[in-house]
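One structure below.
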Amino acid sequence: MNGLTGSIPEEIGGLINLVELNLVYNSFTGPIPHTIGRLSRLSVLHFGSNNLTGMIPQEISDLGSLSVLNLSSNSLIVPIPSFVANFSQLASLDLSGLNLRGRMEELFVGRAGLKRWNFSSLPNMQYLFLRDNYLSGRLPPFFCTMNSLRALDLSRNQLSSEIPSCWWEMKALQMMILESNHLSGRVPLSSNGITPPLLSLHLANNSMTGEFPLALESCKELVILDLGDNKFVGDIPTWVGDSFPSLKILRLRSNMFRGVIPPQLSRLGKLQLLDLAHNNLTGRIPSSFGNLTAMAKRQQVAVLDGSQFTYMESIMIVWKGAELSFQQNLALVTGIDLSSNSLSQAIPTELTNLSGLLFLNLSGNHLTGGIPRKVGNLEWANTGRKPDANIG
């Protein structure tokens, strides 16, 4: 990150041997120069997070060697559909935050008299990020043919449909981020018994229904699972504690889950963040939660083990009525939020084993007895302060 300003000069087209051009996180203004098309050897082009304006020049399509293209978070106008026509080598495309508009089934599937974005000509596509736009309509089955796709982010759009069952059969997909749309229905089961090798699944802030998705039981590599702010019902299955040995973040808040909290969740030895707030859970807080070993120590590694992406994922945490988004320091967050349920009986003293907790929220329940004396032994992970504990 630098503080470069001004416009991108036309003379940049003279750097004909340039292989990588990275101007991300600056304050460049004005249009992308048409001379960009002269950089025929360019493989990586990062213009993301600037203040660029105007139409993306058609000459950019002459960059047939591009493998990485990031134009995100600018005020550019994207020419559809010719924009991606010649990028046969493209492996990563980020058009997030560009005010893209239109119905997905028209942009990607086409309709009479209109061409479509021809992603079938991009066999090497591995990373596709279209978040923070105004895309609407249905999730197209077209993505199912992208056999190399590893990461897909369509979050913060206006998409409204069920997830196509074939999406659950994308054999390379490791990260699926669909949060903050208007998606509905159940998480589908694969028709052929194959599930993607998911590391991260973000479905929060939609209108998904049904019980805890059975399709997830075979996703053994999950590191992040966020189903919060939906309409899921039923019990939290006991198999969750045995199916996700690598799980670090489990966020199920603001649904309609009922029943007791499965003690088997304590088998999630790498779990750092557990958010079950605002459900209909009853019974006692499992004393076995004292065995959540990743919460019993300070987290000092600033990346999520198992994540193979430089892409920044984020998780929303609600604390004292404020929504806090954790992104760059996501791997350092440790906490438990069981607030606003119908939990009863005493707070188990075993929770005091979790000395790595940054926050503990048990408010809005029917807990009895006193606060365990050893709660004072819990430490703030980075500063040595006492943790924020909301018990009432």
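The values are calculated or read from the model by the stated rules, or taken from the named source; none is laboratory data. None of the values given here were measured: they were computed from a predicted structure. No Cβ is skipped: glycine too gets one built from the backbone with ideal geometry, and neighbour counts run over all protein chains shown.
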Condition broken by Leu343, with the remaining ones in (1) at pLDDT below 90; (2) under 22 Å from Leu271 (Cβ atoms); (3) aliphatic (A, V, I, L, M) satisfied = (1)
message = For a quick check of your reading: which strands (runs of 3 or more DSSP E) sit entirely within region 231-290 and have at least 1 residues that are touching a helix residue (DSSP H, G or I) at 6+ places or on another chain (Cβ under 9 Å)?
response = 249-251, 273-275
task = Find the strands (runs of 3 or more DSSP E) located wholly in region 1-72 whose residues include 3 or more that are more than 30 Å from the chain's Cα centre (by Cα), and list them.
result = 5-7
remark   = Looking across region 336-357 at residues that are part of a strand (DSSP E or B) and among the polar types (S, T, N, Q), the single one that is farthest from Thr282 (Cα to Cα) is Gln345
